[in-house]
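Working notes for the structure below.
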Amino acid sequence: MHDKIERQLLENWPRLFGYAVTLTRDRDRASDLLQQAALAALSATSPPQEPVMLRAWLFKIVRNNFIDGHRRTIVESKHAATSIEETEVWGFDDRVIAALSVRQGLDRLAPDHREIIELVDIQGFRYAEVSDILGVPLGTVMSRLSRARLALLDVIGGTVRSLDRARRRSRGDRLG
Amino acid sequence: MAIGWDKLNAYVDGELDAQGNAEVAGALALDPDLAARVASLARLKACVAEAGKSEMPPPLRTPARSVPPRRSFAWAGVAGAAIVVLAVALMSFALLRPAPVPPAPARVLELSGLSAAAAIYDRWITGNDGGGDHQRPLDWQPMGQPPDLGEARLRLVFRDATEPRDRQAVFYGYVGPNGCRLGLWIGRGEHGGRTSPPQAVHLGELAGYVWTAEWLEYAVVARGMDPERLASLAAIIERIIERDMKLDRDVRLALQNAARTGAACS
């Protein structure tokens, strides 16, 4: 079993590191967190047998170690009341969605939003696996993810709008 | 029927059942606004995945397991008796102490070279190597010249010194006549000068061997290469490096044999 865990650790090492960075927002702390999690995984007495479950289990260990280390839970964002009505017309300009703006947008999201987007879109977990990793019901995963994406679109749109404003201001200064 | 935002997200994530998928697909065909939302979500998902391809991770430090010492035939009987005594002792100990404690790590195995080698190898085989000048002189060449693997019909065609960014390292790419690609990564070690023998490693579909010697760390990697051939080549490369790149008759023969070992690269 030790071999299986070690193989999974190796195969998922870059992804686990990405997740640890998302949790800690710091490369050095992420590195420490990951080493602790790896030792915890290798010392586990009853890990899951299935490789797919083993992978989700490793992410859960990283998360639990992070929570233990910080003696806190990942605070659920309270300001995430952004919603869209079905009757609203979708006016989002897809051209603002690009790797760079998305990366900047992710940095500005609430931790729980950033985390769930990371697990689904970057790590490729199914909703059921995310539910297990986070320890929340499936319905919560769905609603939290959809709110998180809306918040991300909002942040990206906001960034672009403020850039537009800056450009307009700069143009106005030159003209003035 | 109105399709909610949660359901659209689940649709884009492939989380709906057949009926749910059909429902959303039907609604999309009739509602351009809904289709625009799905397009935005799909684009967002793709960009997040792209943005997630991030930094080089630190090395994985795993507790290395000790290799059993080689026993001579004459000692086999004595060792067998000792094992029986030890087993009895362990059983008694286990009865007194029901919760076994895992052994403490004896030493640390550094595997950062594997991550670096994997990153460059992927760039190399996908042709996405940034269009760099791979012929210009390298700032750091730990061995003078890279190993000559010509006897194994492997030709040096690529080199790169960009991974990891914060460390002196170099990657050499070799190609065989049938498209086999073998990468050799050498980096300044972070292992405190310890020496460790080649160890088989896997990173996704990439297979390889990593080892350390005299303040340098090595990784030999390939994808789709016969495991036996890869093992032979790694052992021979270690030997060539150990002998300051000298190719004696034995090494040449070993290289020729390695080229004939196992199936063609897939």
Q | Karplus (6.51, -1.76, 1.60) ³J(HN,Hα), θ = phi - 60°, over the stretch B:202-219, in Hz, Gly and Pro reported as x | A | 9, 9, x, 7, 7, 10, x, 9, 10, 7, 10, 6, 6, 6, 10, 10, 10, 9
Q: Would you mind counting up the charge near B:Ala222? Only other residues with Cβ under 13 Å from its Cβ, with Lys and Arg at +1 and Asp and Glu at -1.
A: -1
Q | Within-13-Å neighbourhood charge of B:Leu206 [Cβ basis; K, R +1; D, E -1] | A | +1
(Q) Through the Karplus equation 6.51 cos²θ - 1.76 cosθ + 1.60, θ set to phi - 60°, convert the phi angles of the stretch B:155-162 into ³J(HN,Hα) values in whole Hz; use x for Gly and Pro. (A) 9, 6, 10, 8, 8, 7, 10, 10
Q: Taking a probe of 1.4 Å and counting only protein heavy atoms, give the total accessible area buried between chains A and B in Å², rounded to the nearest 100.
A: 4000 Å²
Q) In the neighborhood of A:Glu50, defined by Cβ-to-Cβ distances under 12 Å, what is the net charge if each Lys or Arg adds +1 and each Asp or Glu adds -1? A) +1
Q: Could you rank B:Glu228, A:Glu129 by how accessible they are, 1.4 Å probe, largest area first?
A: B:Glu228, A:Glu129
(Q) Taking beta carbons within 10 Å but only from partner chains, what does the mean come to for residues A:24-37? (A) 2
Q. What's the FRET efficiency of A:Arg108 with B:Ala49 using the Cβ-Cβ distance as r and R₀ = 22 Å, to the nearest 0.05?
A. 0.75
Q. If you take the charge dipole of the stretch B:140-266 about its Cα centre, with +1 on Lys and Arg Cβ and -1 on Asp and Glu Cβ, which of B:Ala264, B:Ala234, B:Ile186 is farthest toward its positive end?
A. B:Ala264
Q | Nonlocal amide H pairs with B:Leu216, under 5 Å, H built at 1.01 Å | A | B:Gly189
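The values are calculated or read from the model by the stated rules, or taken from the named source; none is laboratory data. Computed from a predicted model, the values in this text were never measured in an experiment. Virtual Cβ from ideal backbone geometry, glycine too; neighbours counted across all protein chains shown. Side chains are part of the model used for accessible areas, which takes the heavy atoms of the whole protein and leaves out ligands, DNA and RNA. Shrake-Rupley method; radii C 1.70, N 1.55, O 1.52, S 1.80 Å.
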